[in-house]
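Below is one structure, written out as structure tokens; the observations come after it.
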Amino acid sequence: MKAETLSYFHMPELTLVGLGIFFTFFMLMLLWVFQHQRKPFYQRLEQLPLADD
Amino acid sequence: MIAEHNVTHAGSDPGELEEFTYDDQIVRYFAYATIGWGLIAFLVGLLIALQLGLWQLNFGLPWLTFGRLRPLHTNAAIFAFAGNAIFMGVYHSSQRLLKTRMFSDVLSRMHFWGWQLIIVSAAIMLPLGITQSKEYAELEWPIDIAITVVWVIFAVNFFGTIWKRRERHIYVAIWFYIATIVTVAVLHIVNSIELPYSFLRSYPVYAGVQDGLVQWWYGHNAVAFFLTTPFLGLMYYYIPKAANRPVYSYRLSIVHFWALIFIYIWAGPHHLLNTAMPEWAQTLGMIFSLMLWAPSWGGMINGLLTLRGAWQRLRTEPIIKFLVGAVTFYGMSTFEGPLLSIKAVNSLSHYTDWTIGHVHGGTLGWNGLLTFGILYYLVPKLWNTELYSKKLANVHFWLGITGTGVYMISLWVAGITQGLMWRGLTAEGKLMYPDFMETVTRIIPLYWVRALGGTMFIIGFCIMVYNLYKTMQSGRISEPQKHKARRLVSVTTLNASELGSKHRLLEGLPMVFTVLSVIAILVGSVIEIIPALVVQEFVPNDKKIKPYTALELAGRDIYVREGCYTCHSQQIRPMVSETLRYGKPSTIAESQYDRPFQWGSKRTGPDLARVGGKYPDMWHYRHMINPREIVPQSIMPNYPWLATANTDLDVISRKLQVMQTLGVPYSNDEVKQAKADALRQAEKIAAGLRAEGGVNDAELEQRELVALIAYLQRLGKNGGVE
């Protein structure tokens, strides 16, 4: 039924745009996160839970 | 003793040194609530599991029947047990990660008591049959409003805490919390838009397929953003804490976060398939969805490898055992989930108990074990003592994972058996098991095994309660410890070189981050939900199909009240075996007036989409009062009270009026004369029952059962036009 409904949905641009945005952002996010100079920053962040409480 | 935190970082954060305490009392409150509601949720679950083996276990009481208790079980497990566990962990870890007390003690308490009040009212209303019968969104409009208010209180309190924090950088756990708070708000509000017709009842604004699509969007993402993201946040805090070493890869945790937000909200493979999208794009979308299997496993591996170099503690530390067990179940469920959404697998698994087994792998294994691990960690800390008994905790652990395993495996077998029997065809192309009951009796032994698994899990839980109780007794609640940290200077007054790169600036700014994730979620939701919201334009209403008559509508509301959808679907799929068993596939137009849609998700009993006309009225009359009179092995509950209670026909006009407002083509006359029309139709049915079955009841036409029969006989009949 859901499949049937979606087959009535004739806005391929919308889904395509969605996929495009998704793809672009995902890749950008990966590039960003794996930048080399960000390492020290992560090293500081990952210590945050370990402070005594 | 005064703990000092960022004092030494004075160089980069030249704020004033401040003294503060954490609010641990609120964490204790939520811990009590988690334990108390957990016990209730589990026990109700066990009761309904047993009812499937022994139908008598509802003791003939309406409010103990399967259809009414199953929603109570799911709501209690998700919103009461898991909900309070989330709040417990969020209030405890956020204060520490942000180095500040919660924004407002008053808001914290309002959040706590408000949430408990919601749970109590749900626990009263659901057994009374005050329900919308939309899975996991059953609660009626007054509670929906209360949920919104309490959630906003929580959000203000949480974002206020971030605002007054003393740690500039936001640890990944907080990200997960933010995504949870924002998304749950959006999901809840969009899915709960409804129009009341009385103090406690309403009809959703969406109908049929649209209601179904919105509800699935909600249900799917509720699993993601209530049972997954907050618990991942907890995992990223408590595993490092318990293992006393940083998370294996901080980078991976960020990728995990964004990937999750993306997968759940946008890249659901079923969403990309079946649309008019070009083939290559569909394929790309699917590959992407499959690729996204990786982040879930990445997350699991990230959690597990945090223990690198400390594996020996897995043998000695019960807390670590629970956390590792939980993460392992997380990995298993997130593997099984996408598997179940593959079309071929889904055609077998859908409507079977396989789904129930899958869900419990996630809830018992992942949410349950993680919560227990956190409780074993927190209670000794908050009561300033040691855990009463590690041995008992170990026993709990083994009972917990064995119980969950037994549960999953039994329903896995049951589900596949059911699925195969339903679709089994003989060489001549006939159904191999035409009698639905045969497919039920075959799996009842497995229901007992499932109940055994659940019992083990509950015994383990009770051992934990005892253990924690003894721990609390041996400890004491001391004066809150004082902490010191420097106040944050507003970012704008800091010069950028002190902050380091612009990137750090960005990540240190929760506002920007929140906005980004809100955009991600909203854009994703919009793209996913637009097909649902505009579907009406594409699927023209079939004018030939008549809306329900007043009596049928009243009967339908009884069907909704009794929660028949917990055992019956109303949705015939386009498969040979289904067509042979139930008739031609359901169409979109057939449910265009269904508010709420009642397609259901599980077939403990047969599909009812085309049950209309299949049996005479008298058959239903006797079957509803005592199914075993007709089908000796049936496990359906008796509904004798439907034959003695009267249909409330005084609100029927109002109901039709609300429907009319929502766009159902009732004429003004039909609205005005609804009661008389209903009575006229009821009299006809009653006359038949008297003549045919000799039913001896002077007020027969008033009875709820007559209205229900009118509805059942209408199913698949489209109001006389075929």
* Asked: How long is the gain from B:C462 to B:V345 if the chain were fully straight, where each residue apart is worth 0.36 nm and the alpha carbon distance is subtracted?
  -> 38.4 nm
* Running Debye on the stretch B:550-714 with equal point scatterers at the Cα sites and no solvent, what base-10 log of I(q)/I(0) appears at q = 0.17 Å⁻¹? -> -1.11
* Asked: Considering only protein heavy atoms, what per residue accessible area in square angstrom results for the stretch B:550-714 with a 1.4 angstrom probe?
  -> 38
* Structure fact -> The correct ranking of B:T352, B:T283 by accessible area at 1.4 Å, largest first, is B:T283, B:T352
* Chains A and B, summed buried accessible surface - 1.4 Å probe, Å², nearest 100 -> 5200
* By accessible area with a 1.4 Å probe, ligands and nucleic acids excluded, highest first: order of B:V186, A:V17 -> A:V17, B:V186
* **Which of B:C564, B:C462 is most accessible, then next, and so on - probe 1.4 Å** => B:C462, B:C564
* Structure fact -> Rounded to one decimal in nm, the spacing of the 7 Å Cα→Cβ label points at B:L522 and B:T402 is 5.2
* **Cα gyration tensor category, rounded, prolate or oblate, for chain B with a/c compared to 1.5** => prolate
* Asked: Relative to the first principal axis of the alpha-carbon coordinates of chain B, what is the inclination of helix B:444-474, with its axis defined by its Cα atoms, in degrees from 0 to 90 and to the nearest 10?
  -> 30
* To do: Please give the contour-minus-distance gain from B:E18 to B:K391: 0.36 nm per residue of separation, less the Cα-Cα distance, rounded to one decimal in nm.
  => 130.1 nm
* Asked: Using the alpha-carbon centroid of each, what span in Å lies between the stretch B:542-606 and the stretch B:23-97?
  -> 30
* Structure fact -> For chain B, longest principal axis from Cα atoms; helix B:83-98 axis from its Cα atoms; angle between them, nearest 10 degrees, is 20
* Asked: How much solvent-accessible surface does B:S591 expose, in Å² to the nearest 10, with a 1.4 Å probe and all protein chains in place?
  -> 10
* Output the pairs from B:K602/B:K672; B:K321/B:K602; B:K134/B:K546; B:K241/B:K343; A:K39/B:K241; B:K602/B:K675 with a Cα-Cα distance over 32 Å in this structure; if there are none, say none. => B:K602/B:K672; B:K321/B:K602; B:K241/B:K343; B:K602/B:K675
* Asked: According to a simple spin-label model (label point 7 Å from Cα along Cα-to-Cβ), what is the distance in nm between B:Q56 and B:L533?
  -> 5.4
* Per the 1.4 Å probe, what fraction of the accessible area of the protein assembly as shown, in percent, lies on carbon and sulfur atoms? -> 66
* **With all protein chains modelled, accessible area of A:K39 [1.4 Å, Å²]** => 100
* Asked: Hey, rough spin-label estimate for B:T441 and B:A698, points 7 angstrom out along Cα→Cβ, what's it come to in nanometres?
  -> 4.3
* Note down the accessible area of B:D650, probe 1.4 Å, to the nearest 10 Å². => 120
* Asked: Under a straight-distance cross-link criterion of Cα-Cα below 16 Å, which lysines are reachable from B:K430, leaving out those fewer than 8 residues away in the same chain?
  -> B:K584
* To do: Determine which residues of the stretch B:343-372 fall in the zone a paramagnetic label at B:W293 would reach in this model, i.e. backbone nitrogen under 15 Å from the point 7 Å along Cα→Cβ.
  => B:343-346
* With runs of 4+ DSSP H residues as the only contributors, calculate the mean residue ellipticity of the protein assembly as shown at 222 nm using -39,500 (n - 2.57) per run, divided by the residue total and rounded to the nearest 500. => -20000 deg cm²/dmol
* Structure fact -> If the chain between B:T661 and B:L43 were fully extended at 0.36 nm per residue, the gain over the current Cα-Cα distance would be 218.3 nm
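The values are calculated or read from the model by the stated rules, or taken from the named source; none is laboratory data. Because the structure is a prediction, the values reported are computed rather than measured. Cβ sites come from the backbone with ideal geometry, for glycine too, and all protein chains shown count toward neighbours. Accessible surface is based on the protein model in full, side chains and every heavy atom, while ligands, DNA and RNA are left aside. Shrake-Rupley method; radii C 1.70, N 1.55, O 1.52, S 1.80 Å.
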